[in-house]
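Everything below concerns the one structure shown next.
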Amino acid sequence: MAQLSDDCFAHGGALIRLDDALADLGQRLKPVTTVETLQLQGCRGRALARPVEAQVAVPPRDNSAVDGYAVYFDDLSSDAETVLPVIGRAAAGHPFPGPQPRGTAVRVLTGAVMPEGQNGAPDTVMMQEDCRLEGERVVIRPGIKRGANRRLAGEDVRSGEIVLPAGRLLGAAELALAAAAGHATLEVYRPLKVALLSTGDEVHPAGGSLPPGGIYDANRPLLSALLATAGCVVSDLGIQPDRRDHLVRVFGEAAATHDAVISSGGVSTGDEDHVKAAIEANGSLHFWRLAIKPGRPVALGQIGRVPFFGLPGNPVAAMLTFCFFARPLLQRLGGAVPVPPRGYPVVSGFGYKKKSDRREWVRVSLESDGQGGWRAEKYPVDGAGVITSLTRTDGLIELAEDVTRLEPGMRVPFYPYAELGSGAV
């Protein structure tokens, strides 16, 4: 596997805007996984390692967009019906055998290659519903435009054109385009292998009994699901006890067999927070104080030269820092060019105050505004540990750094959870 430079995640510690942090780290990060060649069926969700060049034009030749009759436009009357003999037939995969003379029509079905011509070429298709057949002649009404119902060769893709850039995440549409452009295989990055663990003597796996002071581990299922939507292969290392020497060994072993390591919580200066010391025993750790809420402190480091992500312990903060910060960085490490989530404009149904120079996300539900749009209503409890604030809402509204007051009726960007890779889709 490829490795990062020793100081890849170094940071001075000052409060930094999210976009600046992503731009800074995006310049430093490079793919750490290897490249393999796969059949198209195995490429879904992978990041493209090499640009895809069209080996053929799409479509390869002019063809009919409808069932009808191929004609020369210049043979048609502009103000009266035109009667032409039908001299043959063409269907998809079965072209008309030979040039089509002037003053004739050829029956063509959808997808059929336009016939070759004499003194030009048939350039227009009259839809069968707009004409009538009389024996072996077709009667064409006036008024059709030149080139109607004809698909031009290369109107979708030109031969030699780059149709998919390197770093593109491959979904169904991308695979269809690659196939249409003549490719049976693609060079793609192997999925990022990520080790995931929780720490804390108070944290226990769900399903068992809880001792006094114990809590069930919600973050590992949360982050495992989010990592899967980011195209990562996850190794669940379970819950590890808060013992420095033990964590030094666990982190070292994880880094030896994975491309990245992620944990949540336990990265502070408390007496029982040993993650920081364990990471530093194997490498380095830097705290990125992001100007966001929730989730300001995020730990980034390297175990040797393998990236480490230390996310906040509160589940809401862990999810948001993953979606808006860790996810695009992991995608870069996996060879993908991240695509920022798309925000949709909605109207706020509530007032809100926030600090300047900090980006903030508020959990909201959507209600109809009665005018064909949507109104966002704030969830009444907004603590970073309130998991029901995620399951009982539809998504987040984003308040930019320069916004200090939100008034009812103001338009704000709304991010549905599915857009962040965290919804049930």
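Tabulated data for the structure shown
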item	result
Accessible surface of the chain [probe 1.4 Å, protein heavy atoms]: carbon and sulfur percent	50
Helix axis angle, 244-257 relative to the chain longest principal axis, alpha carbon, degrees	20
Point-to-point label distance, ALA80-ASP357, nm (Cα→Cβ direction, 7 Å offset)	8.2
Linear extension gain, VAL35 paired with GLN118, 0.36 nm per residue minus alpha-carbon span	24.8 nm
Positive-end residue of ALA65, ILE16, PRO85, charge dipole of region 1-102 with Cβ unit charges	ILE16
Lys, Arg +1 and Asp, Glu -1 on Cβ, resulting dipole of the chain about Cα centre, debye, nearest 20	220
Angle between the chain longest axis and helix 18-28 axis [Cα atoms, degrees, rounded to 10]	80
Region 164-319, dipole about Cα centre (Lys/Arg Cβ +1, Asp/Glu Cβ -1), debye to the nearest 20	440
Most fluctuating residue given options PRO205, PRO31, PRO294, as computed from a GNM of the chain linking Cα atoms under 10 Å	PRO205
Choice from ASP24, ASP217, ASP67 showing the highest fluctuation, given a GNM over the chain with Cα pairs closer than 10 Å	ASP67
Set of lysines with alpha-carbon distance to LYS293 below 25 Å, sequence-local pairs under 8 removed	LYS276, LYS353, LYS354, LYS355, LYS378
Angle between the chain longest axis and helix 219-229 axis [Cα atoms, degrees, rounded to 10]	20
Cα extents of region 135-248 along the three principal axes, largest first (Å)	90, 31, 22
Amide H partners (placed H, <5 Å) of ARG168, local residues excluded	LEU48, VAL337
Förster-model FRET efficiency, 51 Å R0, THR257 and ASP382, C-beta, rounded to 0.05	0.85
For region 249-323: rounded, prolate or oblate by the Cα gyration tensor [a/c cutoff 1.5]	prolate
Over the chain: Rg over Rh, Cα atoms, Kirkwood Rh	1.16
Distance between modelled label sites at ARG305 and VAL337, nm, 7 Å Cα→Cβ extension	2.6
Tensor-based shape of region 8-149 (alpha-carbon gyration tensor, a/c under 1.5 rounded, otherwise prolate or oblate)	prolate
Average accessible surface area per residue within region 333-425, 1.4 Å rolling probe, Å²	52
Of GLY147, GLY383, GLY301, the one that fluctuates the most in a GNM where the chain has Cα springs shorter than 10 Å	GLY147
³J(HN,Hα) computed for each position of region 369-376 - Karplus, 6.51 cos²θ - 1.76 cosθ + 1.60, integer Hz, glycine/proline x	8, x, 10, x, x, 10, 10, 8
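The values are calculated or read from the model by the stated rules, or taken from the named source; none is laboratory data. Everything numeric here is computed off the predicted structure, so don't read it as measured data. FYI the Cβ positions are ideal-geometry reconstructions off the backbone, even for glycines, and counts take in every protein chain you see. Heavy atoms of the whole protein, side chains included, go into the accessibility calculation; ligands, DNA and RNA do not. Shrake-Rupley method; radii C 1.70, N 1.55, O 1.52, S 1.80 Å.
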